[in-house]
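Undergrad: Got a structure here, written out as structure tokens. Questions coming.
Please treat every number below as a calculation from the coordinates, not as lab data. Small disclaimer: the values here were computed from a predicted structure and weren't measured. No Cβ is skipped: glycine too gets one built from the backbone with ideal geometry, and neighbour counts run over all protein chains shown.
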Amino acid sequence: MKGISAKVTRGLNIGSHVLASDNSGARIVKIVGVKGGKTRKGRQQYAKLGDHVKVSVRKGDPKMKGQVFDAVVIRQKKPFRRLTGERIAFTDNAVALLKDDKGNPKGTQIKGPLAKEVAERWQFLSKISKIIL
């Protein structure tokens with residue numbers, strides 16, 4: 001997996017409810033795990049921008065409710081620092097659902113902006129996004 005070109009801060013805990021920002025049918029999802037996350041032994045894992053996470057659908061399409069999917073964190077409220085020195089923070093926490101481990105998105109479009117760091121790491125998401133910040 002490709003690295004991120006920014007110093008991203010710990011933005012989301014396990015159990016956080018976030019917005020599903022694509023047209024897959026889910027609206028609100030809960031983060032239940034982080035794939036490939038590294039923390040100290042005994043410390044609760046956290047997710048940050050561009051991370052591959054497991055999510056459970058809480059609100060949205062009745063057929064999807066309660067199902068577990070893979071997703072990528074595309075926006076976070078907690079400010080993070082780019083290598084140019086500027087700090088970036090979004091107005092909400094959001095994820096985009098994936099249909100397989102290769103990074104293919106479940107939806108066909110992403111609502112709202114996508115962070116540039118996520119677009120570099122997940123090429124398929126940058127193709128369906130209209131705004132990249």
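Undergrad: Out of (1) more than 16 Å from Asn93 (Cα to Cα); (2) in contact (Cβ under 8 Å) with a residue 24 or more places away in the chain; (3) not small (Gly, Ala, Ser), the odd one out for Lys65 is which?
TA: (2)
Undergrad: If you go through the range 4-51, how many residues are assigned to a loop (DSSP other than H, G, I, E, B) and either touching an Asp or Glu at 6+ places or on another chain (Cβ under 7 Å) or touching a residue at least 60 places away in the same chain (Cβ under 8 Å) (or both)?
TA: Residues that pass the stated criteria total 14.
Undergrad: If I ask for residues that are basic (Lys, Arg) and closer than 13 Å to Ser24 by Cα, which ones from the range 46-89 would you list?
TA: Lys59, Lys63, Lys65
Undergrad: Is there any pair with a first residue in the range 106-133 that is over 16 Å from Ala20 (Cα atoms) and a second that is assigned to a helix (DSSP H, G or I) and among the hydroxyl-bearing types (Ser, Thr, Tyr) whose Cβ atoms are under 7 Å apart and which are 6 or more apart or on different chains, and what are they?
TA: Ala119/Ser126; Ile132/Ser126
Undergrad: Moving on to the next point. Across the range 86-133, which residue is surrounded by the most Cβ atoms within 10 Å (Cβ to Cβ) among those that are part of a loop (DSSP other than H, G, I, E, B) and touching a Pro at 6+ places or on another chain (Cβ under 9 Å)?
TA: Step by step, filter the range 86-133, then rank; the result is Trp122.
Undergrad: Next up: If we keep just the residues of the range 20-73 that are over 17 Å from the mean Cα position of the chain (by Cα) and on the phi > 0 side of the Ramachandran plot, which is surrounded by the most Cβ atoms within 10 Å (Cβ to Cβ)?
TA: Here the residue is Gly60.
Undergrad: Right, another one. Can you tell me how many residues within the range 1-19 are surrounded by 13 or more Cβ atoms within 10 Å (Cβ to Cβ) and either over 14 Å from the mean Cα position of the chain (by Cα) or under 14 Å from Ala71 (Cα atoms) (or both)?
TA: 8
Undergrad: Taking the options Val73, Val68, name whichever one is touching an Asp or Glu at 6+ places or on another chain (Cβ under 9 Å), within 23 Å of Ile128 (Cβ to Cβ) and not acidic (Asp, Glu).
TA: After ruling out the rest, the residue left standing is Val73.
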